[in-house]
Amino acid sequence: MDLDSVFSGSSLQSLAKLLRDTPEEDDDDDVPRCSVGAMTPGSVGPVKKETTSTFQVKSENKKTIWNTEEVPEGSEFDDTWDPREKPEYEISFKQHVGTEDVFFGMTGKDPSTACCEDIVIKIKLPETKYSDITLDIQDKVLDLRTPKNKLLLHLPYPVNSKEGRARFLSEEEILEVTLRVSRKLDFINFSDG
């Protein structure tokens, strides 16, 4: 058997005709008749009908461009043209453990971040006074602004924005922010009973 006869244009067209869904049709209008170069992998197999899908906007107000659910949280703070520097920061996690955790392992806590209750963020703010700091905490975003620095930090876990502490250590020029992690099933994982 000669390879040139196996890969000829007519044999490929015959194969495409065999693989079509509608065997009762004998017209080959949609099969290219020119050379093998005009045949593509899309030419073999059933003919695909072009479907047109319409995108429906579910908006109450026709003048809105997007829904508020489509905009990620914290994007309203994102200002790419702000010339202020991004300060150095460090994120660490804090766990409340007792002797039942350390010696007996009774509560099932482990050293992973999944078992931590607090996120501690230390931000270095050199040459900054306490009165110059503006701090805004959302559920997933920390926004810090000073005259020289700006930090928009997307947090690794959702936090309880109402329950947090911040203190400025003026000797080290560090702002320490402690935020309580807010997970849906924490009442099961960290219950006291």
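For Val141, the residues whose amide H sits under 5 Å from its own are Leu155, ignoring neighbours fewer than 5 places away on the same chain, with H placed 1.01 Å from N. With both labels modelled 7 Å from their Cα along Cα-to-Cβ, the Val97 to Glu85 distance reads 3.7 nm. Legend: calculated FRET efficiency, Thr134 to Phe104, from the Cβ-Cβ distance at R0 = 41 Å, rounded to 0.05, equals 0.35.
When Rg and the Kirkwood Rh are both derived from Cα coordinates, the Rg/Rh ratio for region 105-157 amounts to 1.14.
For Glu88, the residues whose amide H sits under 5 Å from its own are Lys124, ignoring neighbours fewer than 5 places away on the same chain, with H placed 1.01 Å from N. Karplus-based coupling profile of region 151-160, in residue order and whole Hz: 9, 10, 10, 7, 6, x, 9, x, 10, 7, with θ = phi - 60° in 6.51 cos²θ - 1.76 cosθ + 1.60 and x standing for Gly or Pro.
Each value in this text was obtained by applying a stated rule to the coordinates, not by laboratory testing. Treat the numbers as computed from the prediction; the structure is a model and nothing was measured. Backbone-built Cβ (ideal geometry, glycine too); neighbour counts: all protein chains shown.
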